[in-house]
Structure formats: structure tokens, C-alpha cells
1. On a full-extension model of 0.36 nm per residue, what is the gain between residue 250 and residue 26, subtracting their alpha-carbon distance, rounded to one decimal in nm?
2. Given a Förster radius of 25 Å and the C-beta distance between residue 121 and residue 240 as r, what FRET efficiency does 1/(1 + (r/R0)^6) yield to the nearest 0.05?
3. Could you calculate the FRET efficiency of residue 142 with residue 51 from 1/(1 + (r/R0)^6), where r is the beta carbon distance between them and R0 is 22 Å, rounded to 0.05?
4. Sorted from fewest to most neighbouring beta carbons within 10 Å, what does the list 203, 211, 232 look like?
5. Regarding the chain, what are the three Cα extents along the principal axes, ordered largest first, in Å?
6. Can you give me the Kirkwood hydrodynamic radius for region 17-69, using every pair of distinct Cα atoms, in Å to one decimal?
7. So how tilted is helix 149-167 from the main axis of the chain? Cα-based, degrees 0 to 90, rounded to 10.
8. From a point 7 Å beyond the Cα of residue 265 in the direction of its Cβ, which residues of region 233-254 have a backbone N at a distance under 20 Å?
């Protein structure tokens, strides 16, 4: 692309934004490429880009380039799509609890707790020794959607009723804060309200350095839906057995996997092999 030429990229929602070469390189690194190779891919895509190129086409170009040097890439899809493919219940809620535990929280899931006025079905409770969080887990099947301020408003209202219920002796849990956990991006309104109200949040790309993607990479807790060859039926069988991450799939002994999931042995072995390659690729990225 000639110096000074601006190419606009068409996002999923139809809006345009300037092509960001550095962002393409970062995506490549997150998917397993070393920085030098990532920069080569980004430069090539920048040179081949055309006005209005879609983000989907750019991802296709990234995958095509990565597979030529990294054969293990044949096993995976992009992370954002993989997160969207998870079942909201129980898979994404189990996944959220695992990430929170890996980040030092003690968790409880699926509790019904009495507030001052009504009972609340709580997705998760997370404690870190300082605070006790009421956690609202929100999964979106549209990977490109935004979570609006209405969810943050609802979380705050629920939190206040739970706190008031504790004061009245209706429940024994001394909640101190609310938390939102979602695979979506958050709207600006939602983030401003959450920040102002002291609601902690973990979303697809925020907060910086502690986003969902950051935590996944840091803890090596990749969802099983990252595997390209995982069909929905097998995904459901694994999820029903509580297997929602690649690490669980690899670390669980085969006899236990067979007993818990009832997935055919040949399919399980294929998936475990693919999961091992993807995990090794992730470790190599963090420890070049």
C-alpha cells in the first residue's frame, strides 16, 4: 500500500474504520505467530488490502498466512468466534468460573439468594479475600455485538437488593461489589456507568490488560470450541460433563473422559491430539 494511502475496513456492523497494521500484527501474535512473522503478515495484508475490505476477509488472510508456516493452525478457528459458539448454560458459566478461579478467586455457581424484596438466581459468587462479588455472566452468540448499559443497570439493582437482603438477615453473603463477565464488547455507556458505580467487568476487550482475551492467554484456558473439528453434538457431550477448556480435555485421563462424556474413543483421541497442539502453540507464544 503506497505511503499515505488510507484504506478503510468494513466492520461487521457495516461501519468503516482505517486499516490498522499494528492491530493485524497483534492478532497474529495472539494466534501464535512470532513478532517478526506477524509483522510480515501485517505488511502483506496492508499491501493487498483494498477500499472496503471486510474484517472477515482480513481474518481469512491471516489464517491463510499462518497455516503456511504453522500447520497446527489447521485445528483452530478465531477466538472471538469460538467464544460465541459456546453454549450459554452451562458451558460459558463454567468457563467463567474457571477463569475467575485461575485468577485467584474462590467461586460458587448457580445460587438462588434472597434479596430484601425478591429472590435472585445468581450466576456466580466470586471472593478474593477482600471483596465478595455478585457476578452476572452474559453470553452472546453474536460475536460482534455490544453489551448495553441496561445490563449494568440491572446488575447494580440486583446487587443493591442482595446487600439490603443481607442487612435484613435474608441471606448470609456479605456482597461488597458487582461484576459483569461477558464475551461481548461493552458499549461506552455501559463502561462509563460500571466505572462510576464501581462495577468490575471483564469483557472481550476491556479493561485493558485484564480483558477476557488477556486472561485466556495468560492462564492458557482456551475453550474447546477453539477446535475446528469439534461438532456441536460432541461439544454438548463434553460440556454436559463439565469439560469446557482444552486444558481439561488434555489433563483428564482417557478412561475418565470416556466414562464422563460417552464420546467415541477415536473421536476423543483426535480431539485430545488437536487440543495438545493448540496448547503447545500457546505456550510457545508466551515462552519464545
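1. Details: separation 224, 0.36 × 224 = 80.64 nm, distance 2.72 nm.
Taking residue 250 through residue 26 to full extension adds about 77.9 nm, to one decimal.
2. On the way: r = 20 Å, r/R0 = 0.80.
Taking R0 as 25 Å, the efficiency between residue 121 and residue 240 is 0.80.
3. Values: r = 26 Å, r/R0 = 1.18.
So the FRET efficiency works out to roughly 0.25.
4. On the way: 203 23, 211 17, 232 10.
Ascending Cβ contact count within 10 Å gives the list 232, 211, 203.
5. Extents along the principal axes, in whole Å: 67, 52, 32.
6. Working: mean 1/r = 0.0921 Å⁻¹.
This gives a value of 10.9 Å.
7. 30 degrees
8. 234, 238, 249-254
Each reported figure results from applying straightforward, stated rules to the coordinates on display, with no laboratory input. Note that the coordinates shown come from a computational prediction; the quantities given were computed from them, not determined experimentally. All Cβ positions, glycine included, derive from the backbone under ideal geometry; neighbour counts span all protein chains shown.
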